[in-house]
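Accompanying notes for the structure given below.
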Amino acid sequence: MVDEPETPPESEEDVDPSDLDALLAKITDPEQVYGSTQNSSYVDPGLMGLAEDTAYPEWLGLRWRDIPVELQQDAWVGLRRWVDWLIAEFKITKAVIPPCWFRHSEIVAELHAAMNLEWKAWEEGAPTVNPMWMWLPQLQAMIMRLRGFVGELGGCGEGEHHEPELVKRDYDEDLWEQTAFTRTETKTLDRPENAGEATYVRVRVVDDNGEIVSESNVGGAGARRKARGESAAVLTGDGVPGGSDAVLKTTVKQVPEVVELVWEKADSQDGPWTGLDDEDENEEQPPADL
């Protein structure tokens with residue numbers, strides 16, 4: 001007696017046409033496309049293998065300097081194999097990749113990045129434009145960069161290795177501190193509407209203990225200037241003469257991150273001062289020494 005063939009998978013007609021998730025599963029879920037992955041005669045092992053994640057070295061995709069110590073030897077061996085393939089495949093000379101390439105950090109960085117790109121360009125295992133658009137043009141650009149690097153290494157491009165010198169900068173530490181520990185904040189202040197009125201602003205630097213350690217000069221803005229002279233209708237480009245607000249900027253030097261910049265405003269240089277961003281004008285005024 002001949003066994004009856006197994007029933008093929010259900011057709012798309014069995015799925016609600018308005019259920020997009022179900023329709024997508026019908027054409028992408030291997031068990032629905034081919035039947036049970038264990039018993040169905042519709043399963044093609046080769047096709048099922050394409051659905052598996054591509055295996056790649058654990059260190060690939062990491063910055064070279066971030067590769068854990070326990071993976072560094074594997075990374076060196078893997079990169080060496082790839083570089084040997086690259087040299088043979090593209091007939092790359094010593095003037096581009098010298099025999100001592102692994103002793104030059106700038107060359108290692110280029111080659112490691114190129115290995116990541118070449119892997120990414122082909123990893124899908126399907127027809128793709130990535131190799132032509134990304135890998136091959138970038139390979140040629142890298143070859144030009146490497147040729148310039150090696151040209152500055154002396155005899156390395158001819159097979160005579162010269163250990164690279166440590167490159168460092170002699171910093172002006174005072175200039176560095178002025179830059180790194182200078183904090184800049186900017187606030188926008190609306191101008192008063194009436195002529196003769198002004199709004200004044202100051203900034204106080206408060207440390208993490210709540211103590212005032214310094215205070216800025218007083219700045220401010222008066223009412224917006226209006227046009228003078230006779231009225232005239234003139235068609236011009238975009239823009240309005242005069243500004244509707246004033247931008248106030250403060251620069252505080254040699255200040256640790258824990259300090260707070262407290263912006264205050266007043267209608268007079270003598271106060272009383274309130275928080276610049278306070279919306280409730282009737283709240284209790286802060287003590288004069290805060």
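Read the figures in this text as sums done on the coordinates, not as results from a lab. Predicted, not measured: the structure shown is a model, and the values here were computed from it. So basically every Cβ, Gly included, is an ideal-geometry build from the backbone, and we count neighbours across all protein chains shown.
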Given +1 on the Cβ of Lys and Arg, -1 on the Cβ of Asp and Glu, and no further charges, what dipole in debye does the stretch 64-158 carry about its Cα centre, rounded to the nearest 20? 280 debye
Could you point to the residue in Ile107, Val96, Trp76 farthest towards the positive end of the stretch 64-158's charge dipole, with +1 and -1 charges on the Cβ of Lys/Arg and Asp/Glu respectively? Val96
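Mind running the shape call on the stretch 64-158? Use the C-alpha gyration tensor, a ≥ b ≥ c as the square roots of the eigenvalues: rounded below 1.5 for a/c, prolate if a/b tops b/c, oblate otherwise.
Values: a/c = 2.05, a/b = 1.22, b/c = 1.68.
Taking the square roots of the gyration eigenvalues as a ≥ b ≥ c, the stretch 64-158 is oblate.
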7 Å from Cα along Cα→Cβ at both Val213 and Gln269: what's the point-to-point distance in nm? 2.8 nm
